[in-house]
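K.L.:
Sharing a structure below in structure tokens format, with a few things to ask.
The values are calculated or read from the model by the stated rules, or taken from the named source; none is laboratory data. Predicted model only: the values in this text are computed from it and were never measured. Note that we place each Cβ from the backbone using ideal geometry, even for glycine, and neighbour counts take in every protein chain shown.
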Amino acid sequence: MHQDRKVVVFIACSLDGYIATKDESLEWLFQVEGEGDNGFSAFYDTVDTVVMGKKTYDWVMNQEMETFPYEGKECVVFSRSSWEETEHVSYRNGDVRSFVEEQKSRKGQDIWVVGGGELLDAFIQKGLVDEFIITVAPVILGSGIPLFREGDRSLNLTLKGTQSFNQFVELHYEVKR
């Protein structure tokens, strides 16, 4: 396996740990004053594979965009139901561990777990995440879709660095092995 490929979670959350409201809205996130693209471009240049769940994919595709947002990257969508692949997206159903093993057996850049909560939890429960880059917004939602779900898996992390983008704070952690 090519250990130089990492599985990285790059995601934003509210101060109280939610990635979206109960009705899956991210409007609160776009109301926070950031700086530039809040570090997105620098991160995006480090990945060649983008992974997300079907709900996240549907949300992305419902946004008004002129082009597919992950053009030039391998984009994999995990779903419990089957659907037709497109020129931009391949479909996966099943074990995330075998997917990561496949990806790490090939040379390439890092693998970005975009979301959502269910898929992220599957990666965490299997011990597959190498790094977390979490951008915290100064918003308290009170409820919603949590970044981390309850479970019997705990992770010890090492802080690699922090950055601020106006009102956002980015926390970069590496999973201790």
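K.L.:
Tally time: how many residues in the stretch 68-89 are farther than 23 Å from residue 130 by Cα and assigned to a strand (DSSP E or B)?
P.N.:
Result for the stretch 68-89: 1.
K.L.:
Let me ask something else. Of the conditions (1) free of Cβ contacts under 8 Å to residues at least 40 places away in the same chain; (2) of a type in the set (Ser, Thr, Tyr); (3) not in a loop (DSSP other than H, G, I, E, B), residue 49 fails just one. Which one is it?
P.N.:
(1)
K.L.:
Let me ask something else. Can you list residue pairs whose Cβ atoms sit under 6 Å apart, with the first residue in the stretch 159-177 being more than 19 Å from residue 16 (Cβ to Cβ) and the second being among the acidic types (Asp, Glu)? Count only pairs 6 or more apart in sequence or on different chains.
P.N.:
That search, which allows pairs on different chains as well, returns 160/174; 163/170; 165/35; 166/33; 166/35; 174/131; 175/130.
K.L.:
Only one of (1) within 18 Å of the chain's Cα centre (by Cα); (2) buried (at least 18 other Cβ atoms within 10 Å of the Cβ); (3) not hydroxyl-bearing (Ser, Thr, Tyr) is not met by residue 34, so which one is it?
P.N.:
(1)
K.L.:
Among the listed residues 124, 133, 145, identify the single one that is touching a Gly at 6+ places or on another chain (Cβ under 6 Å), within 25 Å of residue 26 (Cβ to Cβ), buried (at least 18 other Cβ atoms within 10 Å of the Cβ) and not polar (S, T, N, Q). Reasoning before the result, please.
P.N.:
Details: 124 fails: touching a Gly at 6+ places or on another chain (Cβ under 6 Å); 133 fails: touching a Gly at 6+ places or on another chain (Cβ under 6 Å).
Residue meeting the stated conditions: 145.
K.L.:
Hey, could you check the stretch 91-111 for residues that are assigned to a strand (DSSP E or B) and in contact with a helix residue (DSSP H, G or I) (Cβ under 8 Å, 6 or more places away or on another chain) and say which is modelled with the highest pLDDT?
P.N.:
So the first thing to find is which residues in the stretch 91-111 are assigned to a strand (DSSP E or B), and the list is 91-92, 110-111.
Checking the rest, the ones that are also in contact with a helix residue (DSSP H, G or I) (Cβ under 8 Å, 6 or more places away or on another chain) come to 92, 111.
Numbers: 92: 92, 111: 98.
Checked the stretch 91-111; the qualifying residue modelled with the highest pLDDT is 111.
K.L.:
Let me ask something else. Criterion first (touching a strand residue (DSSP E or B) at 6+ places or on another chain (Cβ under 6 Å) and either assigned to a loop (DSSP other than H, G, I, E, B) or at pLDDT 95 or above (or both)) does residue 170 satisfy it?
P.N.:
Working: touching a strand residue (DSSP E or B) at 6+ places or on another chain (Cβ under 6 Å): yes; either assigned to a loop (DSSP other than H, G, I, E, B) or at pLDDT 95 or above (or both): yes.
It is true that residue 170 is touching a strand residue (DSSP E or B) at 6+ places or on another chain (Cβ under 6 Å) and either assigned to a loop (DSSP other than H, G, I, E, B) or at pLDDT 95 or above (or both).
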